[in-house]
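A.B. asks: Structure below; questions to follow.
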Amino acid sequence: MSLVTKVKAANITNLSDARYCAGMGVDWIGFPVQQVNPTVFSEITGWLSGPQWVVELGSQPWGELAAYPTSVWQCLLADLDKALELPGRIMVQLELQDWPDAKANLLPSADRIEAIVISKFSGIPESDKKAVELISQHFPVLIDMNEVGYELVEILTWNTVGIQLHGSSEERPGLKDYTQLADVLEKLEVD
């Protein structure tokens with residue numbers, strides 16, 4: 001399976017979403033540390049191959065992180081310094097309007113930053129597109145599709161490396177509605 005752009009599946013908390021995303025060829029699968037402990041993380045990732053695993057740190061406190069066998073962490077901009085203490089690479093979640101102030105803090109760590117995940121846009125298409133262009137001059141950019149407010153077709157014309165989608169909870173183990181993920185992933189499949 002091949003997709004026209006890179007995809008990070010975020011907020012994955014169950015094997016059903018993880019297997020679906022891996023089968024569709026996503027590049028990264030993110031697991032929120034507040035919901036997926038190291039045991040569940042190992043159980044889920046033990047069934048999969050292909051994507052890189054990302055531990056999504058969210059708000060602190062994070063707890064013990066050494067038990068997560070990953071080399072990519074995702075943090076909020078406010079927690080960048082703390083996340084840089086971890087081994088491996090970092091994805092930083094950033095609201096678009098924070099870029100001008102965050103740039104000076106992010107540039108010294110450019111070699112450690114896997115991607116900037118943009119959430120929260122101004123809603124002014126040309127302004128947002130130009131801001132993404134400025135960020136992408138320094139870092140790979142992923143657009144969080146849950147908060148973008150623009151159509152996928154438009155986002156695919158922007159200078160980004162890809163998008164971020166979000167998983168959802170299972171009704172019960174093995175019973176899952178993939179509509180939210182499938183709608184986008186099927187549009188991204190290469191014919």
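Residue by residue, here is whether (1) closer than 27 Å to residue 189 by Cα; (2) without any contact (Cβ under 8 Å) to a residue 24 or more places away in the chain; (3) in a loop (DSSP other than H, G, I, E, B) holds:
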| residue | (1), (2), (3) |
| --- | --- |
| 7 | yes, no, no |
| 36 | no, no, yes |
| 42 | no, no, no |
| 69 | no, no, yes |
| 74 | yes, no, no |
| 80 | no, no, no |
| 92 | yes, no, no |
| 98 | no, yes, no |
| 109 | no, no, no |
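A.B. asks: Quick check, is residue 163 assigned to a helix (DSSP H, G or I), surrounded by 12 or more Cβ atoms within 10 Å (Cβ to Cβ) and at pLDDT 85 or above? I'd like the intermediate steps shown before the answer.
C.D. replies: On the way: assigned to a helix (DSSP H, G or I): no; surrounded by 12 or more Cβ atoms within 10 Å (Cβ to Cβ): yes; at pLDDT 85 or above: yes.
It is false that residue 163 is assigned to a helix (DSSP H, G or I), surrounded by 12 or more Cβ atoms within 10 Å (Cβ to Cβ) and at pLDDT 85 or above.
A.B. asks: Being in a loop (DSSP other than H, G, I, E, B), touching a Pro at 6+ places or on another chain (Cβ under 8 Å) and either among the basic types (Lys, Arg) or at pLDDT below 95 (or both) is the requirement here; does residue 58 meet it? Walk me through how you get there before you give the answer.
C.D. replies: Values: in a loop (DSSP other than H, G, I, E, B): yes; touching a Pro at 6+ places or on another chain (Cβ under 8 Å): yes; either among the basic types (Lys, Arg) or at pLDDT below 95 (or both): yes.
Taking the combined requirement at face value, the residue satisfies it.
A.B. asks: Please go through the stretch 41-67 and give me each residue that is among the hydroxyl-bearing types (Ser, Thr, Tyr), within 27 Å of residue 81 (Cα to Cα) and surrounded by 12 or more Cβ atoms within 10 Å (Cβ to Cβ), ordered by number. Working first, answer last.
C.D. replies: Here is the first cut: in the stretch 41-67, the ones among the hydroxyl-bearing types (Ser, Thr, Tyr) are 42, 45, 49, 59.
Remaining after also requiring within 27 Å of residue 81 (Cα to Cα): 42, 59.
Selection gives 42 alone.
A.B. asks: Is there any pair linking a residue in the stretch 130-159 that is more than 27 Å from residue 111 (Cβ to Cβ) to one that is of a type outside the set (Lys, Arg) and loosely packed, with under 14 Cβ neighbours inside 10 Å, with Cβ under 8 Å and at least six apart or on different chains, and which?
C.D. replies: Final answer for the pair search is 149/123; 150/125; 154/125; 156/4.
A.B. asks: I'm checking my understanding of the structure. Among residues of the stretch 107-158 that are aliphatic (A, V, I, L, M), over 18 Å from the mean Cα position of the chain (by Cα) and exposed (fewer than 12 other Cβ atoms within 10 Å of the Cβ), which one is modelled with the highest pLDDT? Explain how you work it out, then say what you get.
C.D. replies: First, the residues of the stretch 107-158 that are aliphatic (A, V, I, L, M): 107, 110, 113, 115-118, 124, 131-132, 134-135, 141-143, 145, 148, 152-153, 155-156.
With over 18 Å from the mean Cα position of the chain (by Cα) added as a condition, the list becomes 107, 124, 131, 134, 153.
If we keep only those that are exposed (fewer than 12 other Cβ atoms within 10 Å of the Cβ) as well, we get 107, 124, 153.
On the way: 107: 97, 124: 86, 153: 91.
Here the answer is 107.
The values are calculated or read from the model by the stated rules, or taken from the named source; none is laboratory data. Just so we're clear, the structure is a prediction, and the values are computed from it rather than from any experiment. Cβ: placed from backbone, ideal geometry, glycine included. Neighbour counts: every protein chain shown.
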